[in-house]
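Visitor: Once you've had a glance at the structure underneath, I'll fire off some questions.
The values are calculated or read from the model by the stated rules, or taken from the named source; none is laboratory data. All values reported here derive from a predicted model rather than from experimental measurement. Glycine also receives a Cβ, built like all others from the backbone with ideal geometry; neighbour counts cover every protein chain displayed. These accessible areas exclude ligands, DNA and RNA; they are computed on the full protein's heavy atoms, side chains included. Shrake-Rupley method; radii C 1.70, N 1.55, O 1.52, S 1.80 Å.
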Amino acid sequence: VLGARIVDFFLDEDENESVVLEPSQWASVSLARWKADIRQMVRTVKHRRMQPFYTVIQPGGGTSEDYSHYGEEFGLVLEGELTLQVGSETYRVKEGSSFYYSSTLPHAWTNQTDVPCTVVWVVAPPSW
């Protein structure tokens, strides 16, 4: 309704963004209901074509239902295992594996293991 993304409420606008950001500079945009620590890895997405996140999903965490939006998503599982549902298919994405799909398809993600799952996630265009 307001034409704003979720991260717009957490970040200061910075047109002169640094090329390199330390993890301490990543902005937390976590959603407690997902049991995931989500950190945007850039200061702003204004005038950007992609939005990268560093995400740690706790055991049992993830989306409660599938959702869809315009764009595409890419991810790399750094640690653990992610259960990813895209359309009618379910995938188990193991450590070291990547995924890529159209965000227009209904999708959901969960950590169905007993250890945290760490994912670098890129959404294009920025939709958060």
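Visitor: Do you know which of the residues in region 66-75 that are farther than 19 Å from Cys117 by Cβ and part of a loop (DSSP other than H, G, I, E, B) is least open to solvent (accessible area, probe 1.4 Å)?
Guide: Checking each candidate, the answer is Gly71.
Visitor: A further question on this structure: Restricting to region 109-128, name every residue that is open to solvent by less than 10 Å² (accessible area, probe 1.4 Å), polar (S, T, N, Q) and not in a loop (DSSP other than H, G, I, E, B).
Guide: Thr118
Visitor: Now a separate question. Here is a check on your reading of the model: is Val7 among the hydrophobic types (A, V, I, L, M, F, W, C), outside any strand (DSSP E or B) and either open to solvent by 30 Å² or more (accessible area, probe 1.4 Å) or at pLDDT 90 or above (or both)?
Guide: Details: among the hydrophobic types (A, V, I, L, M, F, W, C): yes; outside any strand (DSSP E or B): yes; either open to solvent by 30 Å² or more (accessible area, probe 1.4 Å) or at pLDDT 90 or above (or both): no.
In short, no.
Visitor: Can you pull out the residues in region 76-99 that are assigned to a loop (DSSP other than H, G, I, E, B), open to solvent by less than 50 Å² (accessible area, probe 1.4 Å) and either of a type in the set (Phe, Trp, Tyr) or under 16 Å from Gln112 (Cα atoms) (or both)?
Guide: Selection gives Gly80 alone.
Visitor: Shifting gears a bit: What do you reckon, is Thr104 assigned to a loop (DSSP other than H, G, I, E, B), under 16 Å from Trp128 (Cα atoms) and modelled with pLDDT of 95 or more?
Guide: Answer is yes for this residue.
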